[in-house]
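A short write-up of the structure that comes next.
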Number of protein chains: 2
Amino acid sequence: MSKLVKSLREAIQLCGLKDGMRISFHHHLRNGDHVLNMVMEEVSDMGYRDLTVNASSVFDIHAPLVGHIKNKVVTGLEVNYMGGAVGREISSGIMEKPVDFRSHGGRPSHIESGITPIDIAFIAAPSSDNMGNCSGKYGKSACGSLGYAFADAMNAKKVVIITDNLVDYPLDDFSISETYVDYVVCVDKIGDPTGIVSGTTKITRDPVGLMMASYATKVIQHSGLLKDGFSFQTGAGGASLAVAKYLKEIMLKENIKGSFGMGGITGYLVDMLEEGCFQSLMDVQCFDLRAVKSIRENPRHREVTASHYASPTAKSAIVDSLDAVILGATQIDTDFNVNVHTDSNGYIMGGSGGHSDTAAGAKLTMIVAPLTRARLSIVVDKVLCVSTPGNTVDVLVTQRGIAVNPLRKDLEQRLKDAGLPVTDIHDLKKLAEGITGVPKKITLGNRAVANVIYRDGKIIDTIKNTLK
Amino acid sequence: MSKLVKSLREAIQLCGLKDGMRISFHHHLRNGDHVLNMVMEEVSDMGYRDLTVNASSVFDIHAPLVGHIKNKVVTGLEVNYMGGAVGREISSGIMEKPVDFRSHGGRPSHIESGITPIDIAFIAAPSSDNMGNCSGKYGKSACGSLGYAFADAMNAKKVVIITDNLVDYPLDDFSISETYVDYVVCVDKIGDPTGIVSGTTKITRDPVGLMMASYATKVIQHSGLLKDGFSFQTGAGGASLAVAKYLKEIMLKENIKGSFGMGGITGYLVDMLEEGCFQSLMDVQCFDLRAVKSIRENPRHREVTASHYASPTAKSAIVDSLDAVILGATQIDTDFNVNVHTDSNGYIMGGSGGHSDTAAGAKLTMIVAPLTRARLSIVVDKVLCVSTPGNTVDVLVTQRGIAVNPLRKDLEQRLKDAGLPVTDIHDLKKLAEGITGVPKKITLGNRAVANVIYRDGKIIDTIKNTLK
């Protein structure tokens, strides 16, 4: 018995794909992923129409999706994040039905509950055996964690593993087990390693970034949370990494033994693990080569499913136990609502990912962003898109000052007592506009091109088409 | 946020237990388990009635169940195995409704499909954090794998973790994740370590056992399966362990690199892993201390769920890829049907466990048993209970000869060619009866005290009450 089939086409035929079905993909191969394009090209060649693509994220490498949308091969799109290449086209209105944006926790929740039932999951796996026990840790296309793919594997009616590294049965260090897998396809190459993971990302050298990082670190330090048992998530941007570095120095100096680092994992968090700042890393996605090596070799560095990471309907998720998270923003308004879906002109170029999940769970949710970007204030009266509601955001850190959500008077007092430059968010907006001028109002169209579905399942905002 | 509650009683109340519900238990603490008794005593004290207990296995330590059955606290019982202490009472007819016996693969299949929906799963966990990430590998009551408990955790409406070793969040090397857990209860002691795992079991010194083991080893050797990639399951009995030892010697001498050892794992299989006979161990249950240490420390020794081990409705299970399995029998009939549920007098003292699952999956299913036991022939005209159907059994090995199922003419020829003492199963029966005399017919009652539900979901046999 073997589940190996000769070609992707054969797997698609055996799965009984039909027009109108929902097919799914994960994004662990990031901007190096060949699998989504490979499958969509095949189903397009086979003449299928009216498919819904549910992909945990869509990157710029997935630009061929635009053609499939225009040809009506794809008429529904559900993602947690969308890069600018596809995003710009969606914003311009190429699709009749609005895109549904979810969060990294909301997506598996809706798959598990049957709100978005997956007909066929196509799972890129850097290693698999002939029965479908598969892993992201090994092989030339290694990506580390396969966290986002579990909900697809465990709930899709049919599951196809696509690998470029077929190993002897059993792949004992499996992430997804054969119990969920229908077919295995071996191809030459599932992705481009240079796009799957980056090398070690450099910490910012930009003085503005370093200033923000320094303030952010001090906010954590004086929040009351930085003590034994401290848990932390940060991003992969230059300033976020600088916070990790600064935090590490403080934790080592003060001998603080944290509990866990979480999220998309970088080499900086691996450093913190190895140097004893954390007991463990809970990893839903690896961002760089060091993280991939670490999850493969260090038993304290654990793969977790997207549901375990952040599902709002799991009996609990790790975000519920998180102390501090550092997040970005393209815009934040004076009610602390954050936009990470569109740029300041309203073009889609992002998405929540785990933004709104971690914000809802963490005891300290900090937005770290420069006061101005591309000659526009980051602080606005009203964000073009509410990705993360203001009542889950505690503090905004800019290089020119720190604004605390009025809901967190306790925190504001702590930061003031520590001598940090705490200011009102309205004052930050004025300060920015003093530099950039008052931005002219963005006029968008009347058509909904995307819905932002918050982790509670409700539409929190609707993104309108841009006008050329 | 924490899921810790102060007492078992509080957890039961919070879960909303009601008369008539189905509650479940796993048996990894084996004959040292305190949890099933602890919970049943509590629910009995609380006045509940008419509960169905679904336990992967019931051991002699669970004898207090008899009282709960007599008091109608328990009116339904579903198990994969039942030791003689409870079994004798069931056989005598203390329960109105027949016990449902399933297999280790059939049980999770029926839980997952909703045929036996679990209202509350009580999961004994040798370590857990306050959110319910738990493991069997650590703690004073360590039992290793928690393989049988996954289906319960993943599908029960409410899940209670009962631990005697509360660890800091997160228990990163979790088996069952917090996503499935409602409450955590910390008690003094979940079990008695001496009953949970044995020390290293000794290989038999009995010449009959050694003769059987020698024949069994030769059957494998000449089956055509013993080559690179070979996979194997054996039990924990003295003769089974001797086969493991003999096989190891052959594999090392002939430099055969097997793929995996599976099942309930003993130190003998750990030896085979460590000495390179297998690439990995797939472990649904640890039988001894060496296995527990190995699963904790050796990344090639993997915990697998009961579904992954043996579910007939999983998209595949490891049994489907198994080469050879060695199994026991209390009786085998001339059609090769095997009884492991009752003794020769019809008293319940066992159950399928993984018997029928591995027999269905393995390329070579071998029953190893002495020709006579307690002055009765092991070979009979018709087994008192069909646990495993004869068409899934390939060969019977006794100390006095080897009988091959007529369905396996190919195998019979191979063994004859190798000079092994191949004989007809009817001749083995005659040989035994020449020693023991023809057994007198067992007369059983007319009441069904248990149904044997085969892995396809159908009742394969019914066990009748014994007559005093």
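How far is B:R373 from the same spot in each other copy, in nm, shortest first, if each label point sits 7 Å from Cα toward Cβ?
Between copies, matching label points for B:R373 lie 7.1 nm apart.
Simple spin-label model, 7 Å along Cα-to-Cβ: A:K430 to B:D335 in nm?
Taking the simple label geometry, A:K430 and B:D335 are separated by 9.3 nm.
What is the magnitude of the charge dipole of the protein assembly as shown about its Cα centre, with +1 placed on the Cβ of each Lys and Arg, -1 on the Cβ of each Asp and Glu, and no other charges, expressed in debye to the nearest 20?
For the protein assembly as shown, the charge dipole is close to 400 debye.
Taking only Cα atoms of chain B, what ratio of Rg to Rh do you get with Rh as the Kirkwood inverse-distance radius?
0.97
Using a 1.4 Å probe, how large is the accessible area of A:H426, given in Å² and rounded to the nearest 10?
90 Å²
Other chains' Cβ within 10 Å of B:257-264 residues: what's the mean?
Other-chain Cβ atoms within 10 Å of each residue's Cβ, averaged: 1.
Report, by chain and number, residues whose modeled amide H sits under 5 Å from the one on A:L77, excluding near sequence neighbours (fewer than 5 apart, same chain).
A:V53, A:D100
Between the alpha-carbon centers of segment B:61-92 and segment A:173-193, tell me the distance in whole angstrom.
Segment B:61-92 and segment A:173-193 have Cα centres separated by 45 Å.
Take the alpha carbon atoms of segment A:415-453, find their center, do the same for segment B:412-442, and report the distance between the two centers in whole angstrom.
Centre-to-centre (Cα) distance: 88 Å.
Please state the charge dipole magnitude for chain A, taken about the Cα centre, from unit charges on C-beta atoms (+1 on K and R, -1 on D and E), reported in debye and rounded to the nearest 20.
Dipole about the Cα centre, nearest 20: 1080 debye.
Rounded to the nearest percent, how much of the accessible area of the protein assembly as shown (1.4 Å probe, protein heavy atoms only) is carbon and sulfur?
For the protein assembly as shown, the apolar C and S fraction of the accessible surface comes to 49 percent.
Rounded to the nearest 0.05, what FRET efficiency do A:E249 and A:D192 have when you use their Cβ-Cβ distance and R0 = 41 Å?
Plugging the Cβ-Cβ distance into 1/(1 + (r/R0)^6) gives 0.70.
Write out the GluC sites (Glu not before Pro) in segment B:25-122 meeting two conditions: DSSP loop, and at most 13 other Cβ atoms within 10 Å of their Cβ.
Those satisfying the criteria are B:E96.
What are the trypsin sites (Lys or Arg not before Pro) within segment A:403-461 that DSSP puts in a loop, where the Cβ has at most 15 other Cβ atoms within 10 Å?
A:K440, A:K441, A:K458
Go through segment B:304-348 and flag every residue whose accessible area shrinks by 40 Å² or more with all protein chains in place compared to the isolated chain (probe 1.4 Å).
B:H308, B:K315, B:S316, B:S321
Per-residue accessible area for B:M349 at 1.4 Å probe radius, Å² rounded to 10?
70 Å²
Please identify every one of the GluC sites (Glu not before Pro) in segment A:266-319 that sits in a loop by DSSP and has no more than 16 other beta carbons within 10 Å of its own beta carbon.
For GluC sites (Glu not before Pro) across segment A:266-319 that sit outside H, G, I, E and B with at most 16 neighbouring Cβ atoms in 10 Å, the list reads A:E275.
In B, who owns the beta-carbon nearest the axis carrying B over to A, and how many Å from it?
Closest to the rotation axis on chain B: B:P299, 4.
Among DSSP beta bridges whose residues both lie in chain A, state the antiparallel percentage, nearest 5.
25 percent
So which of B:K97/B:K464; A:K70/A:K97; A:K315/B:K72; B:K6/B:K158 end up more than 21 Å apart by C-alpha?
A:K315/B:K72
Could you pull out every residue, at least 5 positions away or on a different chain, whose amide H is within less than 5 Å of the one on A:N405? Hs are placed 1.01 Å off N in the peptide plane, and Pro or chain starts have none.
Long-range HN contacts for A:N405: A:V395, A:L396.
Among residues other than B:H104 whose Cβ falls under 10 Å from its Cβ, what is the net charge (Lys/Arg +1, Asp/Glu -1)?
Spelling it out: positives minus negatives among the neighbours equals +2.
Give me the 1.4 Å probe accessible area per residue for segment A:223-373, excluding ligands and nucleic acids, in Å².
Value for segment A:223-373: 27 Å² per residue.
Between copies, how far apart are the A:G445 label points? List them in nm, one decimal, shortest first, with each point 7 Å from Cα toward Cβ, please?
In nanometres, ordered from closest: 7.9.
Sorted by accessible area with a 1.4 angstrom probe, largest first, how do B:K157, B:K315 fall?
B:K157, B:K315
Could you tell me whether segment A:330-448 comes out rounded, prolate or oblate from its Cα gyration tensor? Rule is a ≥ b ≥ c as square roots of the eigenvalues, rounded for a/c under 1.5, then prolate if a/b exceeds b/c, otherwise oblate.
It is oblate, given that a/c is not under 1.5 and a/b is not larger than b/c.
Once you sort the root eigenvalues of the Cα gyration tensor of segment B:106-203 as a ≥ b ≥ c, which label holds: rounded (a/c under 1.5), prolate (a/b larger than b/c) or oblate (the other case)?
Oblate.
Need one number: % antiparallel among DSSP beta bridges in the protein assembly as shown, to the nearest 5.
Given both bridge residues lie in the protein assembly as shown, the antiparallel proportion sits at roughly 25 percent.
Please say if segment A:8-124 is rounded, prolate or oblate, where rounded means a/c under 1.5 for a ≥ b ≥ c the square roots of the C-alpha gyration tensor eigenvalues, and otherwise the choice is prolate for a/b larger than b/c and oblate otherwise?
Because its axes are fairly even, with a/c under 1.5, segment A:8-124 counts as rounded.
State the answer as a single residue: which of B:G47, B:V404, B:M154 lies farthest towards the positive end of the charge dipole of the protein assembly as shown, with beta carbon charges of +1 for Lys and Arg and -1 for Asp and Glu, about the Cα centre.
B:G47
In angstroms, what radius of gyration and Dmax does the protein assembly as shown have, counting Cα atoms only?
Both quantities, over Cα of the protein assembly as shown: 30.5, 107 Å.
Over chain B, what is the mean sequence separation of C-alpha contacts under 8 Å (at least six apart), divided by residue count, expressed as relative contact order in percent?
About 16 percent, as a whole number.
Under 8 Å for C-alpha pairs, at least 6 residues apart: give me the relative contact order for segment A:146-251, rounded to a whole percent.
The value is 24 percent.
Run the helix sum for chain A: -39,500 (n - 2.57) per DSSP H stretch of 4+ residues, divided by residue count, reported at 222 nm to the nearest 500 deg cm²/dmol.
Taken over chain A, the calculation gives -8000 deg cm²/dmol.
Which lysines have a Cα lying under 23 Å from the Cα of A:K245, excluding residues fewer than 8 positions away in the same chain?
Result set, ordered by chain and number: A:K202, A:K218, A:K227, A:K253, A:K257, A:K293, A:K363.
Measuring label to label, 7 Å along Cα→Cβ, what does B:A63 give against each other copy in nm, shortest first?
Output for B:A63: 7.7 nm, nearest copy listed first.
Distances longer than 18 Å among the Cα atoms of segment A:68-163: what percent of all pairs is that?
Beyond 18 Å sits 56 percent of the P(r) for segment A:68-163.
Using the Cα centre as the reference, give the magnitude of the dipole from point charges on the C-beta atoms of segment B:316-448 (Lys, Arg: +1; Asp, Glu: -1; all else neutral), rounded to the nearest 20 debye.
Roughly 480 debye for segment B:316-448.
When only C-alpha pairs under 8 Å and at least 6 residues apart count, what is the relative contact order of segment B:124-176, in percent?
It comes to 50 percent, rounded to a whole number.
So what J values fall out for segment B:303-320 if you push phi through Karplus, 6.51 cos²θ - 1.76 cosθ + 1.60 with θ = phi - 60°, rounded to Hz, Gly and Pro as x?
6, 10, 6, 4, 5, 5, 4, 8, 5, x, 10, 5, 5, 6, 9, 5, 4, 5
The values are calculated or read from the model by the stated rules, or taken from the named source; none is laboratory data. It should be emphasised that the depicted structure is a prediction, and the values quoted were computed from it without experimental measurement. Every residue, glycine as well, gets a Cβ built from its backbone with ideal geometry; the counts of neighbours run over all protein chains shown. Heavy atoms of the whole protein, side chains included, go into the accessibility calculation; ligands, DNA and RNA do not. Shrake-Rupley method; radii C 1.70, N 1.55, O 1.52, S 1.80 Å.
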